[in-house]
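Colleague: I'd like to ask some things about the structure below.
Coordinate-derived values only; no laboratory data. Keep in mind it's a predicted model, so treat the numbers as computed, not measured. Reconstructed Cβ throughout: ideal geometry from the backbone, glycine too, with neighbour counts over all protein chains shown.
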Amino acid sequence: MSKGDAGVDLFGRNQELTSRPTPSGERSSNKYGVAGLLASSATRGWSNLTAELRSHRGTVAWNNPQPDAEICVDVRGSRSVVTRRLDGAIDSTISERGTIWFRPAGVQQGLIDMSEPVPAILHLYLPTGLFLSHDLGEGFDATAIDSLRHKGGFRDPLLAEMAFAIMLELEHETSAGRLLAETLALSLVARLIQNHAAPRSGLVMPAAGEGLDRRRLARVLDYIEANLEGDLTVARLASVACLSEFYFARAFKAAIGKSPHRHVSARRLERAKDLLCDADRALVDIALGLRFSCQANFTRAFRRATGQTPAQYRRNRLA
């Protein structure tokens, strides 16, 4: 069953969920079946992380290669005895809130048995490409992925907090959720390598304040302002800053005190207010332009952030 720095976003959060799987989700649906799927990142456009919230009971078995690494986190707690048999390795754990399991990519067959129903497990699927030095930057041992092994029933408060942040984003979509997911995916990989790989593998972390000088920061901020209605990603922002994705996310937060997704979310809220002053701009166009999946999600998020629906805000401004 081996399948954050986040709080309430300035753009709020909504309640709409989806269960249509992404490509990685298709593989996980084949593994776990469609029953018990509570939420999925399927329609969110996340490029380097697939997330599913699932309930489980009984026994799950599969006999086909699993192409992605998988982190599972019990996000509710159950006291169920969870026993895994993965390619001959066996581990057994009493599951509590924050219990974590890890499965590397390439596992051929497995069986998971649960003594009691498990109401909510977050499954996080990480493609092997994320473990390459291009994503994490200088000082990373590219052989680290080969040293990661099955790990069952362990505790890691930082990994768990990142998982909880992803779960909140699954349950309550924000305008900058993709940036959050991409940033946390890199942080999950870094944490796995730092704390759970063989000693020969690791990361050399940049010194405090290193990497994002005033010129680079100004370039990134200008790019964000020019593309608030575009497809902003961590990869593109890191490219503008000429840094690796992982180092960029750390340096950006150190420079302005906010993570990239929080900053973009706040700026999109202000852009939404400006766009609503144009009586000819349809609400659905504003919603989609600001990267919401539908107008209803935009309305919920805007109302949570401002206390008004977009239509009410527009009427008040144009009155």
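Colleague: Calculate the tail of P(r) for the stretch 79-131: the fraction of all Cα-Cα distances greater than 13 Å, expressed in %.
Modeller: For the stretch 79-131, the fraction of Cα-Cα distances above 13 Å is 64 percent.
Colleague: Just in the stretch 214-319: which trypsin sites (Lys or Arg not before Pro) are loop by DSSP and have at most 14 other Cβ atoms within 10 Å?
Modeller: Passing sites in the stretch 214-319 are Arg281.
Colleague: Between Arg97 and Ala235, what is the FRET efficiency for a Förster distance of 25 Å, r being their Cβ-Cβ separation, to the nearest 0.05?
Modeller: E between Arg97 and Ala235, to the nearest 0.05, is 0.15.
Colleague: Can you give the FRET efficiency for Ile90 and Tyr223, using 1/(1 + (r/R0)^6), R0 = 45 Å, r = Cβ-Cβ distance, to the nearest 0.05?
Modeller: Efficiency for this residue pair is about 0.35.
Colleague: Something else now. Could you give the radius of gyration (one decimal) and Dmax (whole number) of the Cα atoms in the stretch 48-120, in Å?
Modeller: 12.0, 33
Colleague: Working out 0.36 nm times the residue gap between Ser55 and Arg76, then minus their Cα-Cα distance, what length gain in nm do you get to one decimal?
Modeller: In short, 6.5 nm is gained.
Colleague: Once the piece of chain linking Lys258 and Glu270 is laid out straight, how much longer is it, given 0.36 nm per residue of separation minus the C-alpha distance between them?
Modeller: Result: 2.7 nm gained on full extension.
Colleague: With r defined as the distance between the Cβ atoms of Cys242 and Ser47 and R0 fixed at 35 Å, what FRET efficiency is calculated, to the nearest 0.05?
Modeller: That pair, Cys242 with Ser47, gives E of 0.95.
Colleague: Extending each Cα 7 Å along its Cβ direction at Thr128 and Leu158, get the distance between those two points in nm, one decimal.
Modeller: Placing both labels 7 Å along Cα→Cβ, they lie 2.6 nm apart.
Colleague: Taking N as the number of residues in the stretch 216-279, what value does Rg over Cα atoms divided by 2.2 N^0.38 Å take?
Modeller: The stretch 216-279 yields a ratio of 1.15.
Colleague: If I histogram all Cα-Cα distances within the stretch 262-312 using bins 10 Å wide from 0, what percent of pairs lands in each bin?
Modeller: Taking all Cα pairs of the stretch 262-312, the binned fractions are 26, 66, 8 percent.
Colleague: Sticking with this one: Pull up all non-local amide H partners of Leu38: gap of 5 or more, or a different chain, and H-to-H distance under 5 Å with H placed in the peptide plane.
Modeller: Leu53, Arg54, Ser55
Colleague: Sequence gap at least 6, Cα distance under 8 Å: using those rules, report the relative contact order of the stretch 169-319 to the nearest whole percent.
Modeller: Over the stretch 169-319, the number comes to 25 percent.
Colleague: Once amide H atoms are placed 1.01 Å from N in the peptide plane, what residues at a sequence separation of 5 or more from Gly153, or on another chain, have their amide H within under 5 Å of its amide H?
Modeller: Residues meeting the criterion, in which the H sits 1.01 Å from N, are Ile100, Trp101, Phe102.
Colleague: How far apart, in nanometres, would the label points at Val284 and Asp213 be if each is projected 7 angstrom from Cα along the Cα-to-Cβ direction?
Modeller: The modelled label-to-label distance comes out at 4.9 nm.
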